[in-house]
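Student: If you scroll down you'll find the structure; I have some questions about it.
Every number in this text was worked out from the coordinates using simple rules, so none of it is lab data. All of these numbers come straight from a predicted model, not from anything done at the bench. Here the Cβ positions follow ideal geometry from the backbone for every residue, glycine too, while neighbour counts run over all protein chains shown.
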Amino acid sequence: MSPSFDTSRSLLGGLDPAEFLRDYWQRKPLLIRGAFPDFESPLDPDELAGLACEEGVEARLVEENGPDGPWQVSHGPFDEAIFAELPERDWTLLVQAVDHYVPEVAELLEHFDFLPRWRLDDIMISYAPPGGSVGPHIDHYDVFLIQGLGQRRWQLGGKVADDAAIIPGIDLRILERFEVEPGDDWILEPGDMLYLPPGWAHHGISQSDDCMTYSVGFRAPSADEAITSFADYLGEQLPASIRYSDAGMALPATPAEVDDASLARMRQLILDTLDNPNQLAQWFGRAMTQPKYVDQLIPAEHPTDVEALVAELQAGEVLVHSLGSRFAWRDLGNGNATLFVDGDAIECALSLAQAVAAAQLDADILEHEEAAMLLGALLDGGSLAWLDDEEDA
Ligand code: SIN
Ligand code: CO
């Protein structure tokens with residue numbers, strides 16, 4: 001079966017997703033004029049400011065000439081009054097994970113279904129008056145920068161070494177040296193999009209009264225995070241009886257020495273333990289579906305009545321993934337799969353896992369044996385929601 005993507009040709013500037021992945025993804029920037037034709041920002045600046053005032057929402061304010069010094073960063077939640085006191089230019093409000101709060105923003109993600117969903121971090125939205133910027137910098141993540149409202153000038157400074165000098169003494173990682181590559185200087189209009197791979201120096205400066213930029217960010221676990229997290233997961237499964245052993249060892253030359261043979265045995269123990277494809281898959285699915293904000297997963301107040309759930313689906317109600325919930329599955333090769341949801345794992349039929357991981361679930365899902373029980377459990381855990389409730393949230 002060839003994959004079908006909800007990706008119009010305009011999104012990637014005429015490239016099909018496979019061409020984009022081959023030539024640009026993780027390799028080089030791509031400017032796409034009119035990626036989203038007639039784009040209308042689902043959120044206006046006041047609504048974004050309102051979100052930044054809410055408890056639990058991750059928001060930052062960057063003031064280029066702050067009262068306490070240059071490039072001052074303050075963290076939300078903010079008091080509404082703060083916005084009236086800001087100068088007319090040169091500041092930026094950044095709000096993370098707006099896709100967790102606004103269904104119309106989450107819908108933008110459907111356009112990026114040509115990438116593994118577990119690679120997605122979130123959609124951050126920035127607002128800036130004229131001159132607002134967060135300074136020239138690099139990010140460790142791939143990002144699609146969609147111009148949502150007004151104009152932003154983007155300048156690129158090429159691939160930069162990880163240890164490039166940054167301005168000391170401020171709360172932002174602004175590059176000390178930033179030279180615009182010839183030709184890499186554009187003004188983006190609403191609906192235009194700029195793709196940037198990790199490590200590419202960039203500088204975006206608001207050119208209009210109201211500039212909003214949507215950053216669709218993709219994450220890649222660092223070796224440091226992956227090793228720590230996988231080792232923790234394995235550590236919980238391993239019996240204490242699996243240990244270093246040295247039966248038949250040669251007489252040590254001297255008792256205080258850590259010799260090569262001992263190190264070789266220890267190394268083998270670690271490699272044998274780590275080299276376990278099933279455990280790797282089980283850990284990876286759990287790790288990559290951990291919610292970005294664990295406390296945003298709100299379990300149901302009352303356990304779901306499974307018969308009532310079936311009746312509601314049959315009456316035409318639709319279940320959806322809760323905003324911010326993460327779903328993935330791994331084929332176990334025997335007709336079954338592990339369904340990973342928000343850091344947990346459930347074994348079920350492969351076809352059921354595939355259906356549950358799709359965006360919307362209607363009465364058709366009841367054709368799968370044991371679907372109702374599974375949906376009830378996911379509703380109880382807060383990973384699924386009724387579409388009507390999600391839209392009203
Ligand atoms: C912004 O939207 O102001 C900054 C986004 C970025 O440079 O990553
Ligand atoms: Co950036």
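Student: Considering the alpha-carbon set of region 56-129 alone, what are its Rg and its Dmax in angstrom?
Tutor: That works out to 15.0, 45 Å for Rg and Dmax.
Student: Any chance you could check the Cα centroid distance between region 77-109 and region 348-388 for me, in angstrom?
Tutor: 33
Student: How big is the dipole moment of region 268-314 about its Cα centre under a simple scheme where the beta carbon of each Lys and Arg is +1, that of each Asp and Glu is -1, and everything else is neutral? Debye, nearest 20, please.
Tutor: Result for region 268-314 is approximately 280 debye, rounded to the nearest 20.
Student: What number in nm² do you get for region 151-223 if you take the convex hull of its Cα atoms and divide its surface by four?
Tutor: 6.3
Student: Along region 312-328, what does the Karplus equation 6.51 cos²θ - 1.76 cosθ + 1.60 (θ = phi - 60°) give for ³J(HN,Hα), rounded to whole Hz, x for Gly and Pro?
Tutor: Running phi through 6.51 cos²θ - 1.76 cosθ + 1.60 with θ = phi - 60° gives 5, 4, 5, 7, x, 5, 10, 9, 10, 5, 4, 4, x, 6, 10, 10, 7 Hz.
Student: If you don't mind, there's one more thing I want to ask. What ranking of Cys348, Cys53, Cys211 emerges when the number of other C-beta atoms within 10 Å of each C-beta is taken as an exposure proxy, fewest first?
Tutor: Cys53, Cys348, Cys211
Student: Here is a follow-up. Would you pull out the residues with amide H under 5 Å of Tyr141's amide H, same chain only if 5 or more places away, H placed 1.01 Å from N?
Tutor: The answer is Gly199.
Student: Find the centroid of the Cα atoms in region 139-159 and in region 195-224, then give the distance between the two in whole Å.
Tutor: Here the two parts' Cα centres lie 5 Å apart.
Student: Going 7 Å from the Cα of Arg243 toward and past its Cβ, which residues in region 250-268 have a backbone nitrogen under 19 Å from where you end up?
Tutor: The answer is 250, 262-268.
Student: With the chain treated as a Gaussian network of Cα nodes joined by springs under 10 Å, which of Leu21, Leu108, Leu11 yields the largest mean-square fluctuation?
Tutor: Comparing Leu21, Leu108, Leu11 in a Gaussian network model of the chain, the most mobile one is Leu21.
Student: In addition: For region 161-298, what is the charge dipole size about the Cα centre, in debye to the nearest 20, if Lys and Arg each add +1 at the Cβ and Asp and Glu each add -1 at the Cβ?
Tutor: 760
Student: Rank the residues Asp295, Asp342, Asp362 as a footprinting-exposure proxy: fewest other Cβ atoms within 10 Å of their Cβ go first.
Tutor: Least crowded to most crowded, the residues run Asp295, Asp362, Asp342.
Student: Can I ask one more? Quick one: which residues, 5+ away or cross-chain, put their amide H under 5 Å from the amide H of Leu149? H built at 1.01 Å from N.
Tutor: Met212
Student: What whole number of Å gives the distance from the Cα centroid of region 11-34 to the Cα centroid of region 288-347?
Tutor: With region 288-347 and region 11-34 each reduced to a Cα centre, they are spaced 32 Å.
Student: Okay, next question. Sequence gap at least 6, Cα distance under 8 Å: using those rules, report the relative contact order of region 19-156 to the nearest whole percent.
Tutor: 24
Student: Can you compute the charge dipole magnitude of the chain about its Cα centre, using +1 on each Lys and Arg Cβ and -1 on each Asp and Glu Cβ, nothing else charged? Give it in debye, rounded to the nearest 20.
Tutor: Its charge dipole is roughly 1940 debye.
Student: If amide hydrogens are placed 1.01 Å from N in the peptide plane, which non-local residues have theirs closer than 5 Å to the one on Asp113?
Tutor: Those qualifying (amide H under 5 Å, at least 5 residues apart or on another chain) are Asp6.
Student: What are the ³J(HN,Hα) values, in whole Hz, obtained from phi via the Karplus relation 6.51 cos²θ - 1.76 cosθ + 1.60 with θ = phi - 60°, for each residue of region 229-241 in sequence order, with x given for Gly and Pro?
Tutor: Result, ordered by residue: 5, 5, 5, 4, 4, 4, x, 6, 8, 7, x, 5, 6 Hz.
Student: Between Leu196, Leu251, Leu234, whose Cα lies farthest towards the positive end of the dipole of region 188-256 when Lys and Arg beta carbons carry +1 and Asp and Glu beta carbons carry -1, centred on the Cα centre?
Tutor: Value computed over the given set: Leu251.
Student: Moving on to the next point. Using a Gaussian network model of the chain whose springs link C-alpha atoms within less than 10 Å, name the residue from Gly14, Gly343, Gly285 with the highest mean-square fluctuation.
Tutor: Gly14
Student: Give me Leu172, Leu156 ranked fewest to most by other Cβ atoms within 10 Å of their Cβ, as a rough exposure proxy.
Tutor: Ascending Cβ contact count within 10 Å gives the list Leu172, Leu156.
Student: Once you place label points 7 Å from the Cα toward the Cβ at Asp380 and Glu88, how far apart are they in nm?
Tutor: 6.0
Student: Please identify, among Asp79, Asp260, Asp68, the residue showing maximal mean-square fluctuation in a Gaussian network model of the chain using a 10 angstrom Cα cutoff.
Tutor: Asp260
Student: Which of the three applies to the chain, rounded, prolate or oblate, going by the alpha-carbon gyration tensor with a ≥ b ≥ c and a/c under 1.5 meaning rounded?
Tutor: Verdict is oblate for the chain.
Student: Just to check I understand the Karplus step: with θ = phi - 60° and J = 6.51 cos²θ - 1.76 cosθ + 1.60, what whole-Hz values come out for region 342-349, glycine and proline as x?
Tutor: Per-residue couplings from phi come out as 6, x, 9, 9, 9, 8, 7, 4 Hz.
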